[in-house]
Amino acid sequence: MTSEVQAARPSAVTPDRLEHSAAALRRRASRLKIVLGSVLAGVVVVPILLANVLPLPDPLEQDLSQRRLPPFTDGHLFGTDQLGRDLLSRILHGGQVSLTIGVLAVLVSGVVGVVAGAAAGYYGRWVDAVVSRLLEAQLSVPLLLLLLLVVALFGPSITVITLVIAFAQWPEPARLTRAMVLVEREKPYVAAARVLGLRRAGVLVRHVVPNIVNQVVVVMLLLLAQAVLLESALSFLGAGVERPHPTWGRIIADGQGYITTSWWLVTLTGLVIVLLVVGVNLLGDGLRDRVSRSRGGKGEPQ
Amino acid sequence: MARYLALRIAQSLLTVFLIVSTVFVLVRLAPGDPAAAVGGPLATTEDLQAIREEMGLVDSVPQQYWHFITGLLQGDLGMSYSFREPALDVVLERLPYTITLAGAAILLTALVAIPLGVFTARRANTGWDLGANVGTIAGQSMPEFWTGIMLLTLLAVVVPIFPASGFTTWSGLVLPAVTIALLQVALISRLVHREMAANLAAPYVTVARSRGSAERALTWRYAFANSSIPVLTALGTRFASMLNGVVVVEVVFAWPGIGSLVVRALETRDYPLIQATVLVTSLLAIGVQLLVDLLYPLLDPRVRVGKAVSR
């Protein structure tokens, strides 16, 4: 229909049609998710990273004459809590705890998951049997109870909470990696590398894993979102990093009793969590759409 | 079939045994003296020693374990320290509440998530699709304890429609079930969407359409029937994990179920109660998963129990 098309017969594929094709719509949707996700996550992450530099009151400084001030009073943007501490400062410092634990937990669970999943998928036989049994068993474990128990056992330090969350999360990268390696190991390049004399472990590490690592890394973002949620749930239940460190779950648990008179304690803290987690999830989802498009969009693990 | 079933049950029992043994060891490694928790701050050293003897805590850990296993086989899980009743009875008393809550939540989830997932899959790559996609991402990004507190404040305190806590009337079930369902709907509807979209794009649907089958039949009798197994599996797994205690939501709503019991048992170092809870909930969770597996042949005639369907 357009004049640029020089063919004798006008093509049915017009720019207008391309614009509205499913592929173009999908691409726009994933771009929208990536942009929106980055903005939402950035709005929370950047202030958290800058918390020590920003002109904020100390998160632990109490002032009993300034208890439970509503937002926007006396320079307290988010108001103050039941002990007169600045809520914004507490939320940002709590965010540092959450993000540290979240990032570390995802790194640990990612490494463990990829190693276990790749070994199970590539070597098969008894390695696969052991890993698959473990993955299955974890489904029937009363997980939260076990996590609370372990935190009670070893004390609520950042290390313990990180490891506990990593334990809860390793099945996801493991299952995904195993499934992808199972497909990958049947491809001709694996046989070719073997014929060229590379040992099995070498093929796995140098060729198979690099081919799948992109998709696993994208899933890590989604795991980070879950890790942040799990950390806040643990600290809500009293298994958070010990006082006086502010943590998101504990700010909400402590503020629960004042919800009718001081709504901001629970509401604003929760909104910050939601913003961050929605942002990270959107970003991860958008990136996954992009990465897994070539694989027919079937990359989503459960 | 019978052989498969026997094997599965044996495997499940072994898993439960391993879980229970792990927890047995873990609670005994944990710091904190259960005798001190029972005796209270005024107990003397002699009192504490007497309490420990009464609880069987003076024996060595292997002896305690042997005692625990022999008791287990006789259905005796010891007395709960804090309730002064057989631990098993305490757990079984709470169990109906958790089953009720989990059942209501999973029913609500299925009723909302399946139509939502099917609807958006029928409209793949439209604004509806994107909207639902972003909406479900938001749904799975909210901490349950926070949504719980917010719903509670809005619908039980500010506008008192529902009771704030506990389970005295059936309307008390609404808020906790909705809180759980908010997250679960997000997860399940995404799965339904994905499965439906894949099936609707499959050649057999195109063939059926070209033969003149109605869209409604294509959606439900063909595509949905073929999506039902993964969806049922996911619903079953979710339900099973809820039986392990919807801990956070039960704590927020002071729901008298397993979840709030667990938190209390951990606080008071109530070993028998922790063990009884773990035993009962893992048995139930594994039982539900087994049941779901056995339902497959009813949904898909190609599936024989014990054999995976090849696709």
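The values are calculated or read from the model by the stated rules, or taken from the named source; none is laboratory data. This is a predicted model, so every value here is computed, not measured. Ideal geometry is used to build each Cβ from the backbone, glycine not excepted, and the neighbour counts take in all protein chains shown. In case anyone asks, the SASA skips ligands and DNA or RNA and just uses the protein heavy atoms, side chains included. Shrake-Rupley method; radii C 1.70, N 1.55, O 1.52, S 1.80 Å.
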Legend entry - Residue under evaluation A:His245, criteria (1) outside any loop (DSSP other than H, G, I, E, B); (2) open to solvent by 30 Å² or more (accessible area, probe 1.4 Å), criterion not met: (1)
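In this structure, does B:Ser189 turn out to be surrounded by 13 or more Cβ atoms within 10 Å (Cβ to Cβ) and not in a helix (DSSP H, G or I)? Break it down into steps so the answer makes sense when it comes.
Working: surrounded by 13 or more Cβ atoms within 10 Å (Cβ to Cβ): yes; not in a helix (DSSP H, G or I): no.
No.
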Legend entry - Boolean, B:Ala234 is in a helix (DSSP H, G or I), in contact (Cβ under 8 Å) with a residue 40 or more places away in the chain and over 10 Å from the mean Cα position of the chain (by Cα): yes
Legend entry - Single residue of region B:189-218 satisfying the filter (at pLDDT 85 or above and charged (D, E, K, R)) that is nearest to the chain's Cα centre (by Cα): B:Arg190
Inset, instruction - Kindly provide the set of residues from region B:194-223 that are assigned to a helix (DSSP H, G or I), open to solvent by 40 Å² or more (accessible area, probe 1.4 Å) and not basic (Lys, Arg), ordered by number. - result: B:Ala198, B:Pro203, B:Tyr204, B:Thr206, B:Val207, B:Ser210, B:Glu215, B:Trp220, B:Tyr222
Inset, instruction - Provide a single number: the residues in region A:193-205 that are over 24 Å from A:Val106 (Cβ atoms) and open to solvent by less than 50 Å² (accessible area, probe 1.4 Å). - result: 5
Inset, instruction - Kindly list the number of the only condition in (1) surrounded by fewer than 17 Cβ atoms within 10 Å (Cβ to Cβ); (2) in a loop (DSSP other than H, G, I, E, B) that fails for A:Ala51. - result: (1)
Legend entry - Per-region count, region A:101-149, residues polar (S, T, N, Q) and open to solvent by 10 Å² or more (accessible area, probe 1.4 Å): 2
Inset, instruction - Considering each residue of region B:140-149, count those that are open to solvent by 10 Å² or more (accessible area, probe 1.4 Å), touching a residue at least 24 places away in the same chain (Cβ under 8 Å) and part of a helix (DSSP H, G or I), and give that number. - result: 2
Legend entry - Lone unmet requirement of (1) out of contact with any Ser or Thr (no Cβ under 9 Å at 6 or more places or on another chain); (2) open to solvent by 70 Å² or more (accessible area, probe 1.4 Å); (3) within 30 Å of A:Thr177 (Cβ to Cβ) for A:Gln62: (3)
Legend entry - In region B:83-101, residue farthest from B:Arg28 (Cα to Cα) [restricted to those that are in contact with a helix residue (DSSP H, G or I) (Cβ under 6 Å, 6 or more places away or on another chain) and open to solvent by 30 Å² or more (accessible area, probe 1.4 Å)]: B:Arg94
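Table: residues versus (1) within 14 Å of chain B (Cβ to nearest Cβ); (2) open to solvent by less than 10 Å² (accessible area, probe 1.4 Å); (3) in contact (Cβ under 8 Å) with a residue 60 or more places away in the chain.
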site	(1), (2), (3)
A:Phe167	yes, no, no
A:Glu172	yes, no, yes
A:His207	no, no, no
A:Ala227	yes, yes, yes
A:Glu231	yes, yes, yes
A:Ile252	yes, yes, no
Inset, instruction - Would you tally the residues in region B:102-139 being open to solvent by 20 Å² or more (accessible area, probe 1.4 Å) and within 11 Å of another protein chain (Cβ to nearest Cβ)? - result: 11
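Among the listed residues A:Gly257, A:Gly270, which satisfies the condition of being open to solvent by 20 Å² or more (accessible area, probe 1.4 Å), within 23 Å of B:Val159 (Cβ to Cβ) and either modelled with pLDDT under 90 or part of a helix (DSSP H, G or I) (or both)?
A:Gly257
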Legend entry - Residues within region B:87-143 that are closer than 25 Å to B:Leu173 by Cα and basic (Lys, Arg), tallied: 1
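Taking only region A:133-165 into account, find how many residues are of a type in the set (Val, Ile, Thr), more than 22 Å from A:Val217 (Cβ to Cβ) and away from every other protein chain (no Cβ under 11 Å).
Looking only at region A:133-165, we keep the residues that are of a type in the set (Val, Ile, Thr), and these are A:141, A:150-151, A:158-162, A:164-165.
Right, trim to more than 22 Å from A:Val217 (Cβ to Cβ) and you get A:141, A:150-151, A:158-161, A:164.
Then drop every residue that is not away from every other protein chain (no Cβ under 11 Å), which leaves A:158-161, A:164.
The total comes to 5.
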Inset, instruction - Tally the residues that are touching a residue at least 60 places away in the same chain (Cβ under 8 Å) and open to solvent by less than 50 Å² (accessible area, probe 1.4 Å), restricting the search to region B:58-82. - result: 7
Legend entry - One residue from A:Leu230, A:Leu196, A:Leu204, A:Leu222 being in contact with a Phe, Trp or Tyr (Cβ under 6 Å, 6 or more places away or on another chain) and of a type outside the set (Phe, Trp, Tyr): A:Leu204
Inset, instruction - Starting from region B:170-187, take each residue that is within 19 Å of B:Leu232 (Cβ to Cβ) and β-branched (Val, Ile, Thr) and list its partners that are part of a helix (DSSP H, G or I) and open to solvent by 40 Å² or more (accessible area, probe 1.4 Å), counting only C-beta distances under 9 angstrom and pairs at least six apart or across chains. - result: B:Ile180/B:Leu108; B:Ile180/B:Glu144; B:Val185/B:Leu108; B:Val185/B:Val112; B:Val185/B:Leu116
Inset, instruction - Starting from region A:259-278, take each residue that is at the interface with another protein chain (Cβ under 7 Å from one of its Cβ atoms) and list its partners that are among the hydroxyl-bearing types (Ser, Thr, Tyr) and not in a helix (DSSP H, G or I), counting only C-beta distances under 8 angstrom and pairs at least six apart or across chains. - result: A:Val274/B:Ser141; A:Val277/B:Ser141; A:Val278/B:Ser141
Legend entry - Members of region B:253-271 found to be open to solvent by 10 Å² or more (accessible area, probe 1.4 Å) and farther than 17 Å from A:Val150 by Cα, listed by number: B:Ala254, B:Pro256, B:Ser260
Inset, instruction - Would you point out the residue of region A:179-192, among those that are open to solvent by 60 Å² or more (accessible area, probe 1.4 Å) and charged (D, E, K, R), that is nearest to the chain's Cα centre (by Cα)? - result: A:Arg185
